[in-house]
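Participant: The following block contains the structure, expressed as C-alpha coordinates.
The values are calculated or read from the model by the stated rules, or taken from the named source; none is laboratory data. Remember, predicted model here, so these are calculated numbers, not experimental data. Cβ placement follows ideal geometry from the backbone for every residue including glycine, while neighbour counts extend to all protein chains displayed. Accessible surface areas use protein heavy atoms only, side chains included; no ligands, DNA or RNA. Shrake-Rupley method; radii C 1.70, N 1.55, O 1.52, S 1.80 Å.
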Amino acid sequence: MPIIKSKKSLHGALVSHCKKSKDNETETIPIPSKVKIPMIQHMGAPCSPLVKVGDQVYVGQKIGESPEYFSVPIHASCSGVVKAIEDFNTPMGVSCKSVVIETDGQQTVDPEIKVPTANNKDEFITAVKESGLVGLGGAGFPTFIKLAYKDIDSVKNLVINAAECEPYITADYRECLESTQNIVEGINLVKKHLNIENIYIGVEDNKPEAVQVLNKAFHDSSDVKIVRLKTIYPQGAEKSIIYATCGIVVEEGKLPADHGVIVLNISTVGFIGSYMKTGMPLVSKRITVDGDFVSNPKNLRVPIGIDIQTVLEYCNIKEEYGKVLMGGPMMGITVNDTLTPIIKNNNAIIVLSKEASIAPPTTACIRCGKCIAVCPLKLMPAKLEKAYDNKNVELLNELHISLCINCGCCTYICPAKRHLAQKNQLAKALVRNK
Ligand code: SF4
Ligand code: SF4
(Lines give C-alpha, C1' and ligand atoms only; values in the text may rest on other atoms or scores of the structure.)
(Ligands and ions follow the chains in the order given, each with its own letter.)
Protein backbone atom coordinates (compact mmCIF):
# COMPACT_ATOMS: atom_id res chain seq x y z
CA MET A 1 0.00 0.00 0.00
CA PRO A 2 1.67 3.24 -1.08
CA ILE A 3 1.96 6.40 0.95
CA ILE A 4 1.85 9.36 -1.40
CA LYS A 5 2.31 13.05 -0.83
CA SER A 6 -0.39 15.15 -2.41
CA LYS A 7 0.87 17.89 -4.68
CA LYS A 8 -2.61 19.39 -4.98
CA SER A 9 -4.42 21.62 -2.52
CA LEU A 10 -7.19 24.16 -2.69
CA HIS A 11 -6.45 27.47 -1.01
CA GLY A 12 -6.89 27.95 2.71
CA ALA A 13 -5.49 29.57 5.82
CA LEU A 14 -2.46 28.59 7.86
CA VAL A 15 -4.13 28.44 11.26
CA SER A 16 -2.37 27.50 14.46
CA HIS A 17 -3.08 23.82 15.17
CA CYS A 18 -2.72 23.64 18.98
CA LYS A 19 -3.29 19.85 19.08
CA LYS A 20 -2.54 19.71 22.81
CA SER A 21 -4.67 16.62 23.39
CA LYS A 22 -3.10 14.46 20.69
CA ASP A 23 -1.27 12.15 23.11
CA ASN A 24 -4.20 11.84 25.50
CA GLU A 25 -5.83 8.45 25.28
CA THR A 26 -9.62 8.45 25.31
CA GLU A 27 -11.15 8.30 28.81
CA THR A 28 -14.70 7.11 29.35
CA ILE A 29 -16.70 9.63 31.36
CA PRO A 30 -18.82 8.24 34.26
CA ILE A 31 -22.49 7.76 33.40
CA PRO A 32 -24.35 10.97 34.34
CA SER A 33 -27.54 10.96 36.42
CA LYS A 34 -29.53 12.16 33.41
CA VAL A 35 -29.26 12.34 29.64
CA LYS A 36 -31.41 14.46 27.36
CA ILE A 37 -31.61 13.00 23.87
CA PRO A 38 -32.85 15.38 21.15
CA MET A 39 -35.03 13.90 18.41
CA ILE A 40 -33.01 15.63 15.73
CA GLN A 41 -29.28 15.08 15.60
CA HIS A 42 -28.83 14.94 11.85
CA MET A 43 -29.57 16.79 8.62
CA GLY A 44 -33.09 15.84 7.60
CA ALA A 45 -36.45 15.10 9.20
CA PRO A 46 -36.74 14.97 13.00
CA CYS A 47 -37.71 11.74 14.74
CA SER A 48 -40.79 11.22 16.90
CA PRO A 49 -40.31 9.62 20.31
CA LEU A 50 -41.18 5.89 20.45
CA VAL A 51 -41.25 5.90 24.26
CA LYS A 52 -43.36 7.60 26.90
CA VAL A 53 -42.79 8.95 30.38
CA GLY A 54 -42.26 6.10 32.86
CA ASP A 55 -40.91 3.60 30.33
CA GLN A 56 -37.82 1.59 31.22
CA VAL A 57 -35.22 1.91 28.45
CA TYR A 58 -32.00 0.08 27.72
CA VAL A 59 -28.72 0.99 26.06
CA GLY A 60 -29.09 0.83 22.28
CA GLN A 61 -32.90 0.73 22.33
CA LYS A 62 -34.50 2.65 19.49
CA ILE A 63 -36.35 5.60 21.09
CA GLY A 64 -36.97 7.83 18.08
CA GLU A 65 -37.83 7.32 14.43
CA SER A 66 -39.25 9.16 11.43
CA PRO A 67 -41.28 7.80 8.49
CA GLU A 68 -39.35 10.21 6.21
CA TYR A 69 -36.56 8.81 4.04
CA PHE A 70 -34.10 11.59 4.91
CA SER A 71 -33.69 10.71 8.57
CA VAL A 72 -32.04 8.17 10.86
CA PRO A 73 -33.32 6.57 14.08
CA ILE A 74 -32.17 7.65 17.53
CA HIS A 75 -31.26 5.26 20.34
CA ALA A 76 -30.98 5.42 24.14
CA SER A 77 -27.41 5.96 25.29
CA CYS A 78 -28.08 4.91 28.89
CA SER A 79 -30.39 2.50 30.66
CA GLY A 80 -32.94 4.00 33.03
CA VAL A 81 -36.44 5.45 33.11
CA VAL A 82 -37.92 8.08 30.81
CA LYS A 83 -38.58 11.07 33.06
CA ALA A 84 -39.86 13.55 30.49
CA ILE A 85 -40.56 14.17 26.83
CA GLU A 86 -39.98 17.87 26.42
CA ASP A 87 -39.47 20.58 23.82
CA PHE A 88 -35.91 21.42 22.89
CA ASN A 89 -34.29 24.10 20.75
CA THR A 90 -30.99 23.02 19.25
CA PRO A 91 -28.06 25.50 19.15
CA MET A 92 -28.76 25.67 15.38
CA GLY A 93 -32.20 27.09 16.21
CA VAL A 94 -34.24 23.99 15.30
CA SER A 95 -37.13 22.97 17.57
CA CYS A 96 -37.76 19.32 18.34
CA LYS A 97 -38.78 16.96 21.14
CA SER A 98 -36.20 15.46 23.48
CA VAL A 99 -36.33 12.30 25.60
CA VAL A 100 -34.99 12.78 29.13
CA ILE A 101 -33.74 9.57 30.75
CA GLU A 102 -33.00 9.29 34.46
CA THR A 103 -30.16 6.81 34.33
CA ASP A 104 -29.85 3.76 36.62
CA GLY A 105 -26.08 3.38 36.29
CA GLN A 106 -26.48 -0.25 35.20
CA GLN A 107 -25.97 0.33 31.46
CA THR A 108 -28.16 -2.68 30.73
CA VAL A 109 -27.99 -3.44 27.03
CA ASP A 110 -31.24 -3.77 25.06
CA PRO A 111 -31.86 -7.54 24.70
CA GLU A 112 -33.02 -6.86 21.12
CA ILE A 113 -29.49 -5.83 20.06
CA LYS A 114 -28.03 -8.31 17.62
CA VAL A 115 -25.29 -8.39 15.01
CA PRO A 116 -26.87 -7.09 11.79
CA THR A 117 -27.21 -9.26 8.71
CA ALA A 118 -25.57 -7.79 5.62
CA ASN A 119 -25.30 -10.35 2.84
CA ASN A 120 -25.64 -7.78 0.08
CA LYS A 121 -25.51 -4.05 -0.62
CA ASP A 122 -29.15 -3.32 0.28
CA GLU A 123 -28.92 -5.15 3.60
CA PHE A 124 -25.68 -3.32 4.35
CA ILE A 125 -27.23 0.09 3.64
CA THR A 126 -30.29 -0.79 5.74
CA ALA A 127 -28.01 -1.83 8.60
CA VAL A 128 -26.09 1.46 8.40
CA LYS A 129 -29.40 3.36 8.50
CA GLU A 130 -30.66 1.35 11.48
CA SER A 131 -27.42 2.07 13.36
CA GLY A 132 -28.40 5.75 13.44
CA LEU A 133 -25.07 6.71 11.87
CA VAL A 134 -24.45 10.26 10.68
CA GLY A 135 -21.17 11.79 9.50
CA LEU A 136 -19.10 11.96 12.67
CA GLY A 137 -16.78 14.68 11.41
CA GLY A 138 -19.31 17.40 12.21
CA ALA A 139 -21.73 17.66 9.30
CA GLY A 140 -24.37 15.23 10.63
CA PHE A 141 -25.36 13.99 7.17
CA PRO A 142 -27.06 10.55 7.36
CA THR A 143 -24.38 8.12 6.18
CA PHE A 144 -26.76 5.63 4.56
CA ILE A 145 -27.89 8.30 2.08
CA LYS A 146 -24.35 8.63 0.71
CA LEU A 147 -24.18 4.84 0.33
CA ALA A 148 -27.61 4.68 -1.33
CA TYR A 149 -26.76 7.20 -4.09
CA LYS A 150 -28.99 6.45 -7.10
CA ASP A 151 -26.10 5.50 -9.37
CA ILE A 152 -23.80 4.01 -6.74
CA ASP A 153 -22.45 1.39 -9.18
CA SER A 154 -20.65 4.22 -10.99
CA VAL A 155 -18.86 5.28 -7.79
CA LYS A 156 -15.42 3.69 -7.72
CA ASN A 157 -13.53 6.03 -5.38
CA LEU A 158 -13.80 6.21 -1.62
CA VAL A 159 -12.06 9.05 0.19
CA ILE A 160 -11.57 8.59 3.92
CA ASN A 161 -11.32 11.95 5.62
CA ALA A 162 -8.70 11.87 8.38
CA ALA A 163 -7.50 15.44 7.78
CA GLU A 164 -8.86 16.87 11.05
CA CYS A 165 -7.76 20.36 10.07
CA GLU A 166 -9.58 22.40 12.77
CA PRO A 167 -7.38 23.65 15.60
CA TYR A 168 -7.43 21.72 18.91
CA ILE A 169 -9.51 18.70 17.76
CA THR A 170 -7.83 15.28 17.94
CA ALA A 171 -10.85 12.94 18.17
CA ASP A 172 -10.29 11.48 14.67
CA TYR A 173 -6.57 11.20 15.31
CA ARG A 174 -7.28 9.14 18.44
CA GLU A 175 -9.69 7.01 16.37
CA CYS A 176 -6.78 6.19 14.02
CA LEU A 177 -4.59 5.15 16.93
CA GLU A 178 -7.16 3.46 19.18
CA SER A 179 -9.67 1.92 16.76
CA THR A 180 -7.45 0.92 13.86
CA GLN A 181 -8.99 -2.53 13.43
CA ASN A 182 -12.53 -1.09 13.30
CA ILE A 183 -11.36 1.34 10.60
CA VAL A 184 -9.87 -1.50 8.54
CA GLU A 185 -13.08 -3.55 8.86
CA GLY A 186 -15.34 -0.57 8.14
CA ILE A 187 -13.42 0.35 4.99
CA ASN A 188 -13.40 -3.26 3.80
CA LEU A 189 -17.18 -3.53 4.27
CA VAL A 190 -17.86 -0.33 2.31
CA LYS A 191 -15.46 -1.48 -0.39
CA LYS A 192 -17.07 -4.92 -0.63
CA HIS A 193 -20.71 -3.85 -0.68
CA LEU A 194 -20.23 -0.82 -2.96
CA ASN A 195 -17.69 -2.38 -5.31
CA ILE A 196 -15.19 0.40 -4.63
CA GLU A 197 -11.93 0.17 -6.59
CA ASN A 198 -9.78 2.96 -5.14
CA ILE A 199 -9.49 4.03 -1.53
CA TYR A 200 -7.68 7.21 -0.53
CA ILE A 201 -7.09 7.97 3.14
CA GLY A 202 -6.29 11.68 3.45
CA VAL A 203 -4.24 12.66 6.50
CA GLU A 204 -2.64 16.07 7.04
CA ASP A 205 1.12 15.75 7.19
CA ASN A 206 1.24 17.06 10.75
CA LYS A 207 0.06 13.61 11.92
CA PRO A 208 2.94 11.25 11.04
CA GLU A 209 1.96 8.75 13.76
CA ALA A 210 -1.48 8.30 12.19
CA VAL A 211 0.13 7.75 8.77
CA GLN A 212 2.42 5.14 10.30
CA VAL A 213 -0.40 3.25 12.05
CA LEU A 214 -2.63 3.25 8.97
CA ASN A 215 0.28 2.22 6.76
CA LYS A 216 0.89 -0.82 8.97
CA ALA A 217 -2.82 -1.70 9.09
CA PHE A 218 -3.21 -1.61 5.29
CA HIS A 219 0.25 -2.93 4.33
CA ASP A 220 -1.16 -5.70 2.11
CA SER A 221 -3.98 -3.66 0.50
CA SER A 222 -2.79 -2.46 -2.89
CA ASP A 223 -6.04 -0.55 -3.54
CA VAL A 224 -5.57 1.68 -0.48
CA LYS A 225 -3.44 4.80 -0.78
CA ILE A 226 -2.54 6.91 2.21
CA VAL A 227 -2.32 10.48 1.01
CA ARG A 228 -0.30 12.93 3.06
CA LEU A 229 -1.97 16.29 2.69
CA LYS A 230 -0.58 19.76 3.11
CA THR A 231 -1.45 21.05 6.59
CA ILE A 232 -3.79 23.88 5.74
CA TYR A 233 -7.29 24.73 6.90
CA PRO A 234 -9.91 23.64 5.58
CA GLN A 235 -8.14 20.63 4.07
CA GLY A 236 -10.88 18.37 5.53
CA ALA A 237 -13.70 20.18 3.71
CA GLU A 238 -15.29 17.73 1.28
CA LYS A 239 -14.32 19.54 -1.92
CA SER A 240 -10.80 20.23 -0.66
CA ILE A 241 -10.04 16.66 0.34
CA ILE A 242 -11.49 15.21 -2.88
CA TYR A 243 -9.25 17.51 -4.91
CA ALA A 244 -6.18 16.87 -2.75
CA THR A 245 -6.55 13.07 -2.77
CA CYS A 246 -7.91 12.14 -6.20
CA GLY A 247 -7.62 15.40 -8.12
CA ILE A 248 -11.35 15.59 -8.86
CA VAL A 249 -13.04 19.01 -8.94
CA VAL A 250 -16.65 18.84 -7.72
CA GLU A 251 -18.65 21.22 -9.87
CA GLU A 252 -21.19 23.71 -8.54
CA GLY A 253 -24.54 22.05 -7.91
CA LYS A 254 -23.09 18.54 -8.21
CA LEU A 255 -22.51 15.89 -5.56
CA PRO A 256 -19.18 14.14 -5.14
CA ALA A 257 -20.98 10.92 -6.15
CA ASP A 258 -21.87 12.57 -9.49
CA HIS A 259 -18.11 12.56 -10.07
CA GLY A 260 -17.71 8.94 -8.96
CA VAL A 261 -16.49 9.57 -5.42
CA ILE A 262 -17.89 9.41 -1.90
CA VAL A 263 -16.25 10.77 1.23
CA LEU A 264 -16.57 9.24 4.68
CA ASN A 265 -14.97 10.53 7.84
CA ILE A 266 -12.50 8.13 9.48
CA SER A 267 -14.51 7.85 12.72
CA THR A 268 -17.59 7.13 10.60
CA VAL A 269 -15.99 4.10 8.95
CA GLY A 270 -14.55 3.08 12.33
CA PHE A 271 -18.09 3.06 13.70
CA ILE A 272 -19.32 0.96 10.74
CA GLY A 273 -16.62 -1.60 11.55
CA SER A 274 -17.68 -1.71 15.19
CA TYR A 275 -21.44 -1.76 14.54
CA MET A 276 -21.33 -4.56 11.99
CA LYS A 277 -19.74 -6.90 14.52
CA THR A 278 -21.61 -5.83 17.68
CA GLY A 279 -24.97 -4.42 16.55
CA MET A 280 -24.63 -1.59 19.10
CA PRO A 281 -26.06 1.57 17.47
CA LEU A 282 -24.54 5.03 17.74
CA VAL A 283 -25.02 5.81 21.44
CA SER A 284 -21.70 7.35 22.44
CA LYS A 285 -19.18 9.70 20.98
CA ARG A 286 -15.49 10.53 21.27
CA ILE A 287 -15.01 14.27 21.79
CA THR A 288 -11.98 16.48 22.38
CA VAL A 289 -12.25 18.97 25.23
CA ASP A 290 -9.68 21.72 24.74
CA GLY A 291 -9.23 25.42 24.06
CA ASP A 292 -6.91 28.18 25.26
CA PHE A 293 -8.75 28.20 28.63
CA VAL A 294 -8.22 24.45 29.17
CA SER A 295 -5.03 23.46 30.99
CA ASN A 296 -5.75 19.73 31.03
CA PRO A 297 -7.21 18.83 27.61
CA LYS A 298 -8.86 15.46 27.14
CA ASN A 299 -10.33 13.05 24.68
CA LEU A 300 -13.48 11.63 26.20
CA ARG A 301 -16.00 8.97 25.27
CA VAL A 302 -19.37 10.35 26.35
CA PRO A 303 -22.93 9.03 26.12
CA ILE A 304 -25.02 10.99 23.63
CA GLY A 305 -27.31 13.31 25.56
CA ILE A 306 -24.87 14.16 28.37
CA ASP A 307 -24.91 17.90 29.00
CA ILE A 308 -21.88 20.08 28.37
CA GLN A 309 -21.86 21.32 31.97
CA THR A 310 -21.24 17.77 33.26
CA VAL A 311 -18.36 17.42 30.78
CA LEU A 312 -16.86 20.75 31.87
CA GLU A 313 -17.10 19.75 35.54
CA TYR A 314 -15.46 16.38 34.82
CA CYS A 315 -12.59 18.27 33.16
CA ASN A 316 -12.41 20.66 36.13
CA ILE A 317 -13.14 23.69 33.95
CA LYS A 318 -14.34 26.61 36.06
CA GLU A 319 -16.80 29.25 35.02
CA GLU A 320 -14.31 32.05 34.43
CA TYR A 321 -14.09 31.14 30.77
CA GLY A 322 -15.25 33.49 28.01
CA LYS A 323 -16.99 31.23 25.53
CA VAL A 324 -17.86 27.57 24.92
CA LEU A 325 -18.07 26.19 21.38
CA MET A 326 -19.53 22.96 20.07
CA GLY A 327 -17.02 22.03 17.38
CA GLY A 328 -13.77 23.74 16.48
CA PRO A 329 -12.88 27.41 16.72
CA MET A 330 -13.25 27.93 12.93
CA MET A 331 -16.68 26.39 12.34
CA GLY A 332 -18.02 25.63 15.82
CA ILE A 333 -21.27 26.98 17.24
CA THR A 334 -21.29 29.16 20.35
CA VAL A 335 -23.17 27.50 23.19
CA ASN A 336 -25.34 29.87 25.21
CA ASP A 337 -26.59 27.24 27.66
CA THR A 338 -24.13 24.67 29.00
CA LEU A 339 -27.05 22.33 29.80
CA THR A 340 -27.17 21.72 26.03
CA PRO A 341 -26.70 17.99 25.34
CA ILE A 342 -23.92 16.56 23.22
CA ILE A 343 -25.27 15.00 20.05
CA LYS A 344 -24.04 12.60 17.39
CA ASN A 345 -22.06 15.00 15.24
CA ASN A 346 -20.29 16.93 18.04
CA ASN A 347 -16.61 16.14 17.95
CA ALA A 348 -15.32 18.78 20.34
CA ILE A 349 -16.10 21.16 23.15
CA ILE A 350 -13.74 24.12 22.89
CA VAL A 351 -13.49 26.50 25.83
CA LEU A 352 -11.99 29.90 25.13
CA SER A 353 -10.69 32.48 27.59
CA LYS A 354 -12.37 35.87 27.95
CA GLU A 355 -9.52 37.50 26.02
CA ALA A 356 -9.87 35.07 23.11
CA SER A 357 -13.65 35.49 23.08
CA ILE A 358 -13.74 39.24 22.58
CA ALA A 359 -14.44 40.09 18.94
CA PRO A 360 -12.06 42.87 17.81
CA PRO A 361 -13.68 46.00 16.37
CA THR A 362 -14.56 45.93 12.67
CA THR A 363 -13.08 48.58 10.40
CA ALA A 364 -13.59 49.48 6.74
CA CYS A 365 -12.44 47.11 3.99
CA ILE A 366 -9.02 48.15 2.72
CA ARG A 367 -9.34 46.06 -0.47
CA CYS A 368 -6.27 44.01 0.34
CA GLY A 369 -7.68 40.92 -1.41
CA LYS A 370 -6.54 38.54 1.34
CA CYS A 371 -10.04 37.11 1.70
CA ILE A 372 -10.00 36.10 -1.98
CA ALA A 373 -6.53 34.62 -1.71
CA VAL A 374 -7.49 32.22 1.11
CA CYS A 375 -10.91 31.16 -0.13
CA PRO A 376 -10.77 27.47 -1.15
CA LEU A 377 -13.66 28.04 -3.57
CA LYS A 378 -12.09 31.16 -5.14
CA LEU A 379 -15.04 33.31 -4.09
CA MET A 380 -14.93 37.05 -3.51
CA PRO A 381 -16.02 37.47 0.11
CA ALA A 382 -15.79 41.28 0.19
CA LYS A 383 -18.08 41.53 -2.84
CA LEU A 384 -20.43 38.95 -1.38
CA GLU A 385 -20.66 41.02 1.79
CA LYS A 386 -21.61 44.11 -0.17
CA ALA A 387 -24.15 42.19 -2.23
CA TYR A 388 -25.73 40.84 0.95
CA ASP A 389 -25.83 44.30 2.56
CA ASN A 390 -27.68 45.53 -0.57
CA LYS A 391 -29.92 42.42 -0.49
CA ASN A 392 -28.94 41.87 -4.13
CA VAL A 393 -29.92 38.24 -4.64
CA GLU A 394 -29.10 38.30 -8.35
CA LEU A 395 -25.53 39.42 -7.67
CA LEU A 396 -25.16 36.90 -4.83
CA ASN A 397 -26.02 34.16 -7.32
CA GLU A 398 -23.64 35.59 -9.90
CA LEU A 399 -20.90 35.52 -7.25
CA HIS A 400 -21.73 31.83 -6.55
CA ILE A 401 -22.79 32.24 -2.93
CA SER A 402 -24.06 28.65 -2.96
CA LEU A 403 -20.46 27.43 -3.18
CA CYS A 404 -19.49 28.97 0.16
CA ILE A 405 -18.77 26.24 2.70
CA ASN A 406 -18.64 28.65 5.65
CA CYS A 407 -15.12 27.60 6.49
CA GLY A 408 -14.38 30.99 8.03
CA CYS A 409 -10.98 31.46 6.32
CA CYS A 410 -12.01 34.88 4.99
CA THR A 411 -13.06 36.12 8.43
CA TYR A 412 -9.90 34.69 9.96
CA ILE A 413 -7.55 36.43 7.54
CA CYS A 414 -9.31 39.79 7.19
CA PRO A 415 -7.19 42.60 8.69
CA ALA A 416 -10.34 44.73 9.00
CA LYS A 417 -11.93 41.95 11.10
CA ARG A 418 -15.04 41.93 8.95
CA HIS A 419 -17.59 39.18 9.66
CA LEU A 420 -17.46 37.82 6.14
CA ALA A 421 -18.33 34.15 6.72
CA GLN A 422 -21.21 35.06 9.02
CA LYS A 423 -22.59 37.41 6.34
CA ASN A 424 -22.34 34.58 3.82
CA GLN A 425 -24.49 32.39 6.04
CA LEU A 426 -27.13 35.10 6.14
CA ALA A 427 -26.75 35.63 2.39
CA LYS A 428 -27.37 31.94 1.70
CA ALA A 429 -30.53 32.09 3.82
CA LEU A 430 -31.64 35.18 1.87
CA VAL A 431 -31.12 33.41 -1.47
CA ARG A 432 -32.91 30.26 -0.21
CA ASN A 433 -35.95 32.20 0.96
CA LYS A 434 -36.35 34.27 -2.24
S1 SF4 B 1 -9.63 40.68 3.61
FE2 SF4 B 1 -10.98 42.17 4.58
S3 SF4 B 1 -10.01 44.13 4.16
FE4 SF4 B 1 -9.09 42.67 2.73
S5 SF4 B 1 -10.37 42.80 0.89
FE6 SF4 B 1 -11.23 41.17 2.14
S7 SF4 B 1 -12.82 42.20 3.34
FE8 SF4 B 1 -11.49 43.80 2.55
S1 SF4 C 1 -16.29 32.84 1.21
FE2 SF4 C 1 -17.02 30.98 2.19
S3 SF4 C 1 -15.75 29.35 1.37
FE4 SF4 C 1 -14.71 31.29 0.92
S5 SF4 C 1 -13.31 31.60 2.66
FE6 SF4 C 1 -15.19 32.66 3.15
S7 SF4 C 1 -16.38 31.20 4.34
FE8 SF4 C 1 -14.78 30.02 3.28
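Participant: Assess whether Ser9 counts as being touching a helix residue (DSSP H, G or I) at 6+ places or on another chain (Cβ under 7 Å) and either in contact (Cβ under 8 Å) with a residue 24 or more places away in the chain or open to solvent by 60 Å² or more (accessible area, probe 1.4 Å) (or both). Before the answer, list the steps.
Facilitator: Numbers: touching a helix residue (DSSP H, G or I) at 6+ places or on another chain (Cβ under 7 Å): yes; either in contact (Cβ under 8 Å) with a residue 24 or more places away in the chain or open to solvent by 60 Å² or more (accessible area, probe 1.4 Å) (or both): yes.
Answer is yes for this residue.
Participant: Right, Ile85: closer than 24 Å to Thr338 by Cα, in contact with a Cys (Cβ under 6 Å, 6 or more places away or on another chain) and assigned to a strand (DSSP E or B) or not? Quick ask: steps written out before the conclusion?
Facilitator: Details: closer than 24 Å to Thr338 by Cα: yes; in contact with a Cys (Cβ under 6 Å, 6 or more places away or on another chain): no; assigned to a strand (DSSP E or B): yes.
So Ile85 fails the test.
Participant: Give me the residue from the range 400-421 that is β-branched (Val, Ile, Thr) and outside any loop (DSSP other than H, G, I, E, B) and, out of that set, nearest to ligand 1 (Cβ to nearest atom).
Facilitator: Ile413
Participant: With the structure loaded, tell me whether Gly369 is in contact with a strand residue (DSSP E or B) (Cβ under 6 Å, 6 or more places away or on another chain) and among the small types (Gly, Ala, Ser) or whether it fails that test. If you could, list the steps in order and put the result at the bottom.
Facilitator: Numbers: in contact with a strand residue (DSSP E or B) (Cβ under 6 Å, 6 or more places away or on another chain): no; among the small types (Gly, Ala, Ser): yes.
No.
Participant: Any residue in the range 15-37 that is touching a helix residue (DSSP H, G or I) at 6+ places or on another chain (Cβ under 9 Å), among the aliphatic types (A, V, I, L, M) and closer than 27 Å to Ala421 by Cβ?
Facilitator: Yes, some residue in the range 15-37 is touching a helix residue (DSSP H, G or I) at 6+ places or on another chain (Cβ under 9 Å), among the aliphatic types (A, V, I, L, M) and closer than 27 Å to Ala421 by Cβ.
Participant: Does the range 391-398 contain any residue that is surrounded by 15 or more Cβ atoms within 10 Å (Cβ to Cβ) and either within 15 Å of ligand 1 (Cβ to nearest atom) or modelled with pLDDT under 95 (or both)?
Facilitator: Here is the first cut: in the range 391-398, the residues surrounded by 15 or more Cβ atoms within 10 Å (Cβ to Cβ) are 392-393, 395-396.
Now narrow it down to the ones that are either within 15 Å of ligand 1 (Cβ to nearest atom) or modelled with pLDDT under 95 (or both): none.
Checked against the condition, which is being surrounded by 15 or more Cβ atoms within 10 Å (Cβ to Cβ) and either within 15 Å of ligand 1 (Cβ to nearest atom) or modelled with pLDDT under 95 (or both), the range 391-398 yields no hits at all.
Participant: Look at Cys414 and say whether it is surrounded by fewer than 20 Cβ atoms within 10 Å (Cβ to Cβ), within 16 Å of ligand 2 (Cβ to nearest atom) and touching a residue at least 12 places away in the same chain (Cβ under 8 Å).
Facilitator: Details: surrounded by fewer than 20 Cβ atoms within 10 Å (Cβ to Cβ): no; within 16 Å of ligand 2 (Cβ to nearest atom): yes; touching a residue at least 12 places away in the same chain (Cβ under 8 Å): yes.
No; evaluated as a whole, the condition is false for this residue.
Participant: A follow-up question, please. Which of the following residues is within 17 Å of the chain's Cα centre (by Cα) and not in a strand (DSSP E or B): Leu325, Leu312, Leu300, Leu282?
Facilitator: Of the residues listed, the single one that is within 17 Å of the chain's Cα centre (by Cα) and not in a strand (DSSP E or B) is Leu282.
Participant: Next question. Note down all Cβ pairs under 8 Å where the first residue falls in the range 99-119 and is among the basic types (Lys, Arg), the second is open to solvent by less than 40 Å² (accessible area, probe 1.4 Å), and they're at least six residues apart or on different chains.
Facilitator: Within 8 Å, the pairs are Lys114/Gly279.
Participant: Looking at (1) within 18 Å of Asn347 (Cα to Cα); (2) at pLDDT below 95; (3) not polar (S, T, N, Q), find the lone condition where Asp205 falls short.
Facilitator: Going through (1) within 18 Å of Asn347 (Cα to Cα); (2) at pLDDT below 95; (3) not polar (S, T, N, Q) one by one, Asp205 breaks only (1).
Participant: Are any of the residues in the range 396-406 within 9 Å of ligand 2 (Cβ to nearest atom) and closer than 30 Å to Pro303 by Cβ? Let's see the steps before the verdict.
Facilitator: Residues of the range 396-406 that are within 9 Å of ligand 2 (Cβ to nearest atom), as a first pass: 401, 403-406.
If we keep only those that are closer than 30 Å to Pro303 by Cβ as well, we get 406.
Within the range 396-406 (the criterion being within 9 Å of ligand 2 (Cβ to nearest atom) and closer than 30 Å to Pro303 by Cβ), the answer is yes, since at least one residue qualifies.
Participant: Return the residues of the range 422-432 that are under 30 Å from Lys230 (Cα atoms) and either in contact (Cβ under 8 Å) with a residue 24 or more places away in the chain or within 11 Å of ligand 1 (Cβ to nearest atom) (or both); say none if nothing qualifies.
Facilitator: Lys423, Asn424, Lys428
Participant: Within the range 218-256, how many residues turn out to be more than 16 Å from Leu403 (Cα to Cα), open to solvent by 10 Å² or more (accessible area, probe 1.4 Å) and part of a helix (DSSP H, G or I)?
Facilitator: Residues in the range 218-256 being more than 16 Å from Leu403 (Cα to Cα), open to solvent by 10 Å² or more (accessible area, probe 1.4 Å) and part of a helix (DSSP H, G or I): 2 in total.
Participant: Additional query: What is the residue count in the range 356-369 for residues that are at pLDDT 95 or above and within 22 Å of Cys18 (Cβ to Cβ)?
Facilitator: 0
Participant: Which of the residues belonging to the range 99-129 are open to solvent by 70 Å² or more (accessible area, probe 1.4 Å) and part of a helix (DSSP H, G or I)?
Facilitator: Asp122, Thr126 - these are the residues of the range 99-129 that are open to solvent by 70 Å² or more (accessible area, probe 1.4 Å) and part of a helix (DSSP H, G or I).
Participant: Quick check on my filter: what residues within the range 333-388 are more than 16 Å from ligand 1 (Cβ to nearest atom), assigned to a helix (DSSP H, G or I) and either under 20 Å from Ile405 (Cβ atoms) or open to solvent by 70 Å² or more (accessible area, probe 1.4 Å) (or both)?
Facilitator: Answer for the range 333-388, where residues must be more than 16 Å from ligand 1 (Cβ to nearest atom), assigned to a helix (DSSP H, G or I) and either under 20 Å from Ile405 (Cβ atoms) or open to solvent by 70 Å² or more (accessible area, probe 1.4 Å) (or both): Lys354, Glu355.
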